[in-house]
Amino acid sequence: QCQLNGVWRNDQDSLMEISVLRDNGDFQGQYLTGVTLAGGCAQISPLRGAQQQLGEEGWPTFAFTVRWDKFSNATTAFVGQCFVDAGGKETLSTTWLLREAVGSLEEDWKATR
């Protein structure tokens, strides 16, 4: 069974640390990204999410948001599922949407990646 708590590294060398995983599936932690909208150094941002609670079998789904408030006016939402391969390696497979603030409704088309 997958355990979300701990440190995870993605393909872009960003790190996610889930430090609190509650019995009800809620979790929180921090996201350290080397990929920023503004460029520059890696930045730490808070994350909060929830894991679908399954029994002993199955691979849990989860969702979390990251608030990039220290260096960007954007928020990213991730949804995914945790898998364990035959060798015991845990992998998170996710899809994400990033929303940047824009100055007007007419600019809305360029706000989501």
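Could you tell me the calculated FRET efficiency between Asn10 and Glu106, based on Cβ-Cβ distance and R0 = 30 angstrom, to the nearest 0.05?
That pair, Asn10 with Glu106, gives E of 0.35.
Taking K and R as +1 and D and E as -1, what net charge do the other residues with C-beta under 13 Å from the C-beta of Phe64 add up to?
Details: positive: Arg48, Arg67; negative: Glu17, Asp26.
With Lys, Arg at +1 and Asp, Glu at -1, the net is 0.
Restricting everything to alpha-carbon atoms, can you work out Rg to Rh for the chain with a Kirkwood hydrodynamic radius?
On the Cα set of the chain, Rg over Rh gives 1.01.
Using a 1.4 Å probe on the protein heavy atoms, what percent of the accessible area of the chain belongs to carbon and sulfur?
Working: 3560 of 7320 Å².
Carbon with sulfur: 49 percent of the solvent-accessible area.
Just to verify a number: FRET efficiency for Ser93 and Asn73, C-beta to C-beta distance, R0 = 22 Å, to 0.05? Can you show the working numbers first?
Working: r = 28 Å, r/R0 = 1.29.
E between Ser93 and Asn73, to the nearest 0.05, is 0.20.
Before I look further, what does the chain give for accessible area per residue, probe 1.4 Å, in whole square angstrom? Display every interim value, and only then the final one.
Values: 7320 Å² over 113 residues.
It amounts to 65 Å² per residue over the chain.
Springs between alpha-carbon atoms under 10 Å, Gaussian network over the chain: tell me which of Asp69, Asp11, Asp26 tops the mean-square fluctuations.
Comparing Asp69, Asp11, Asp26 in the GNM, the peak value goes to Asp11.
Go ahead and set up a Gaussian network model of the chain, Cα springs under 10 Å, then flag whichever of Gly25, Gly49, Gly88 fluctuates most.
Gly88
The values are calculated or read from the model by the stated rules, or taken from the named source; none is laboratory data. Remember, predicted model here, so these are calculated numbers, not experimental data. Cβ: placed from backbone, ideal geometry, glycine included. Neighbour counts: every protein chain shown. To get the accessible areas, we keep the full protein, side chains included, count just its heavy atoms, and leave off ligands, DNA and RNA. Shrake-Rupley method; radii C 1.70, N 1.55, O 1.52, S 1.80 Å.
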